[in-house]
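As structure tokens, the structure follows; a few thoughts come after it.
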Amino acid sequence: MSEGDRIKHLQYRGLIFCVVLAAILCAAVWSVYENVHSNERRHAAATAKYERFTECIASRASSAAQCKLQAEQSRYDQSAESYDLKAQQEMARWAALMLVVTSIGVLFVAATLKTASDANEGFKASAEVQLRPYMSFQHMEVNELVTGAWSIQAVWKNTGQTPTRQMTLCWGYSVQADDLPNDFDYPDTPKTSANEGTISVGSQGVIFSNGPVLTAQEVQNFASGKMKVFYWGWIEYNDGFEGSPRRRTEFCQRFIVVPDKAQIKTGFITFGPHNGADEDCLKQVKNKHTA
């Protein structure tokens, strides 16, 4: 059972307990009132018998023994019956009052539990934002080979507090004379996401993605300004929180020449709309791994 389900289970149990407790209190109040009413009815009966007995004695129509017998066998007089009706009406009003009080109590408890549940959901969401993994593009690594070619890699870092799960990464690049058009699709280079589904990067961990190798001629064309080099990529991953969506981060960098008399050096600038994270990404999640 998850932490959220456990808390909801405890809340439901608390609500049931409050309802049962309210019912017990109502039953206790009703029992006390019923006992008081029974005592009052017995007192009324005794009073009615005594008054009938004294009336009989005062009339001198019968002996004391006959008057006692008549009093024992007589029913309540009109005043006793009126009292009995009044008591029943009071009991009905008490029952209605207890029903109203119980209903208010149950609604109050339900509202309190709802508020606690909402607060718990808010705390859970806040904790998820603080603790979830965040895979962020850091920078490019360019290694010059003995042939004069360049091997390029992207460096990713988990700046969050928990590890990633079922991570997928991919990249693409282009060497061309002009800038990428506004409607450029940023396609994936075939067979660049072979590591998907098994990578886990811990908190503050770093991972290098595979990248293109620019030929020596492409490097010379870039250094002379004849061609421009663009490198883009994306990464997708799950976090460890139940029910959370799959995460995605995108980047696109354009290579720039850094003047240096001794050798060709390059820097990078962010380029185009293919830069964002999660709901700010240009494209939707591609790989539908579930947590």
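Here is the figure for the range 242-280: residues that are within 47 Å of the chain's Cα centre (by Cα), within 18 Å of Phe230 (Cβ to Cβ) and among the hydrophobic types (A, V, I, L, M, F, W, C) total 7.
Okay, residues lined up against (1) buried (at least 17 other Cβ atoms within 10 Å of the Cβ); (2) closer than 16 Å to Lys283 by Cα; (3) at pLDDT 95 or above:
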| site | (1), (2), (3) |
| --- | --- |
| Pro187 | no, yes, no |
| Ala194 | no, no, no |
| Ala216 | no, no, no |
| Ser224 | no, no, no |
| Tyr237 | yes, yes, no |
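Among the candidates Val155, Val146, the residue that is at pLDDT 90 or above, outside any loop (DSSP other than H, G, I, E, B) and of a type outside the set (Gly, Ala, Ser) is uniquely Val155.
Here Trp156 passes the criteria (1) without any contact (Cβ under 8 Å) to a residue 60 or more places away in the chain; (2) surrounded by 16 or more Cβ atoms within 10 Å (Cβ to Cβ) except the one numbered (1).
Please specify each residue of the range 166-190 satisfying the condition of being outside any strand (DSSP E or B) and of a type outside the set (Phe, Trp, Tyr). Of everything in the range 166-190, those that are outside any strand (DSSP E or B) and of a type outside the set (Phe, Trp, Tyr) turn out to be Ala177, Asp178, Asp179, Leu180, Pro181, Asn182, Asp183, Asp185, Pro187, Asp188, Thr189, Pro190.
The values are calculated or read from the model by the stated rules, or taken from the named source; none is laboratory data. Bear in mind that the values here come from a model prediction, so they are computed numbers and not experimental data. Because the Cβ atoms are built from the backbone with ideal geometry, glycine has one as well, and the counts that use them run over all protein chains shown.
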